[in-house]
Structures are given as structure tokens and as C-alpha cells.
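The values are calculated or read from the model by the stated rules, or taken from the named source; none is laboratory data. All values derive from a computational prediction rather than experimental measurement. Positions of Cβ are generated from backbone atoms using ideal geometry, with glycine treated the same way; all protein chains shown enter the neighbour counts. Protein only, heavy atoms only, side chains kept; ligands, DNA and RNA dropped before computing areas. Shrake-Rupley method; radii C 1.70, N 1.55, O 1.52, S 1.80 Å.
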Amino acid sequence: FEQISASMLQNGFDRGDCVLALGGGVTGDLAGFVAACYMRGVDFYNIPTTLLAQVDSSIGGKTAVDLRGIKNIIGAFHQPRGVIVDQELLTSLDQRQMACGAAEIIKIAAALDEELLSLIEEKGIAASLAEATARAIRLKAGVIEKDEKEGGLRRVLNFGHTLGHGIEAVTGLFHGECVALGMLPMSGEALRARLTKILAREGLPVSCRAEAAKVVEAAMHDKKARQETIITVQVKKAGEFEFVPLDREGLLRAYNEVFA
């Protein structure tokens, strides 16, 4: 953050200039945060080069950096002037990276669009990539238009992320893999069985050996935690979600019910 900001200053960037992010989610988050802060805000454009970034972090204006091991704890809402999603940029990605993006598409389908989930279930992500990506982006953008700064509805996009962030903090797994795991304890029994099959077919993990107490402790450092509770997103049935506050014990029970 400091190096990029200093380089812009040294090269005479002013409020008429812009920042362009070409890369994955970390690149977009960092570039966007620099743009949000430099001269109190300059324009930026996002060209995400991973499926995960195309369907998730490039949409919505969340920009941030980590601090002392806490994910994205320093940041700002700063909407890009434009986002260019070009799927030819995905041809160099390995299967694991593609699977991480698939996890976010499955997440939004499970929470908001049963029809999209059924399409994925029937065809798989690879066979329906353009349609699934476009629909996921539109779904996310629709939520953000109603609630830009996560005062209510936007929380639905955190499905899988509460325990997922905890798992990510204590394992070497990728973000998308952790979101996949984080969805399972927050799903109804029938949906969980359905998601387990879909996630496994996409090459995503469906079991986790991380120590429950460590996962929950990391999850409680999440930005969404309030007074020893955290609002979780629970999806009992595809396309139907609810916000449920849980404390440490509630998160432990949810985690252990699936992964113990």
C-alpha cells in the first residue's frame, strides 16, 4: 500500500488519474484501497484475472488490506468506475483456482437462486461457465444496489464466510475452498447433502480436520462480530436464507455437527 501510494505521488498522479487493477482478488483489493485513499479518492478500474475475483471481490466496492493476520480489517468502500470480466484470462488457471471461483458461484446460487443451483447441479460449472458467471455477477450486483455498505441484505453474501474465514486463518487452504467448507455447517440437512455432492464434483473439500476451537476463535475476529456474537447466514433450503446471531458455543456446535 505504501509503495504504490508513494510511486503514484512520485510520478505526479492527481485526481484526474486512475488506478487499474489487473490480477486476482488481492490485487483488486489493494489497488482499490490505494485508489480510495490517494488524494481522498481517485477512480479505479478492475480487470479480474481469476474466476474467484470475477464473480466475487471485483463486484461491490469492498477494498481492504490485512493487518496483523486479520483478514481485510483495514479498508474502505470504493466502487470501481468499471469492471471488465474477460474469461479468456482464465485459460492459464489451474483446476484448484477454478474450483475456488466455482465455490463463490455455488454460494450465491445456494443462497439466492435455486434455479442457478440446479443448472450447476445438472451441468457443472465448466459446462455452463459463461452463464453461471454472468448470473452470479448480476445476483451480487443486485444485492449491492440495495445495500452497498452491508447494513442488512448484503450480509447474505457472507454465506459460508464466517466459519470459512476461521478455517482460512488456521489452515493452508485457499479462500474458495474455505468458503465451500464454511457453507456446510450453515445449511439445512437436505441442502447440505446436495451441496456436498456439488462441491466434491467441482474439486472442493467437503471435510475439515482443523481444530474447532481455533477455527471459532479466528472467526470471532471477523469484522462482523459484535459483542461476542456474530451474525451468520443460514440457508435451510436453496434460495431461502436467514440471518442468525451465534456466539462461540453456537459456532462450535455448528462446526462440530458437520466436521467432528
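Give the residue that is farthest from Pro48 (Cα to Cα), with candidates limited to residues of segment 126-138 that are open to solvent by less than 20 Å² (accessible area, probe 1.4 Å) and free of Cβ contacts under 8 Å to residues at least 60 places away in the same chain.
Going through the qualifying residues, I end up with Ser128.
Considering only segment 46-72, state which residues are among the small types (Gly, Ala, Ser), open to solvent by 20 Å² or more (accessible area, probe 1.4 Å) and touching a helix residue (DSSP H, G or I) at 6+ places or on another chain (Cβ under 6 Å).
Residue satisfying the conditions is Ser57 alone.
Val83 passes all but one of (1) of a type outside the set (Ser, Thr, Tyr); (2) open to solvent by less than 20 Å² (accessible area, probe 1.4 Å); (3) touching a strand residue (DSSP E or B) at 6+ places or on another chain (Cβ under 6 Å); which number fails?
The failed condition is (2).
Sort out which residues of segment 101-125 are open to solvent by 40 Å² or more (accessible area, probe 1.4 Å) and within 14 Å of Val235 (Cβ to Cβ), and write them in order of number.
Leu112, Glu114
Spot the failing condition for Gly172; the list is (1) within 26 Å of His78 (Cα to Cα); (2) out of contact with any Lys or Arg (no Cβ under 8 Å at 6 or more places or on another chain); (3) of a type in the set (Gly, Ala, Ser), and only one is missed.
The one condition Gly172 does not meet is (1).
Go through segment 196-211 and report how many residues are closer than 14 Å to Ile105 by Cα and of a type in the set (Asp, Glu).
Residues that pass the stated criteria total 1.
In this structure, is Asp43 open to solvent by less than 70 Å² (accessible area, probe 1.4 Å), closer than 15 Å to Gly28 by Cα and charged (D, E, K, R)?
The answer is yes for Asp43.
Which one of these does Val215 not meet: (1) modelled with pLDDT of 95 or more; (2) within 30 Å of Pro80 (Cβ to Cβ)?
(2)
From (1) in contact with an Asp or Glu (Cβ under 9 Å, 6 or more places away or on another chain); (2) within 20 Å of Gly60 (Cβ to Cβ), pick out the condition that doesn't hold for Glu148.
Tallying (1) in contact with an Asp or Glu (Cβ under 9 Å, 6 or more places away or on another chain); (2) within 20 Å of Gly60 (Cβ to Cβ), Glu148 fails exactly one: (1).
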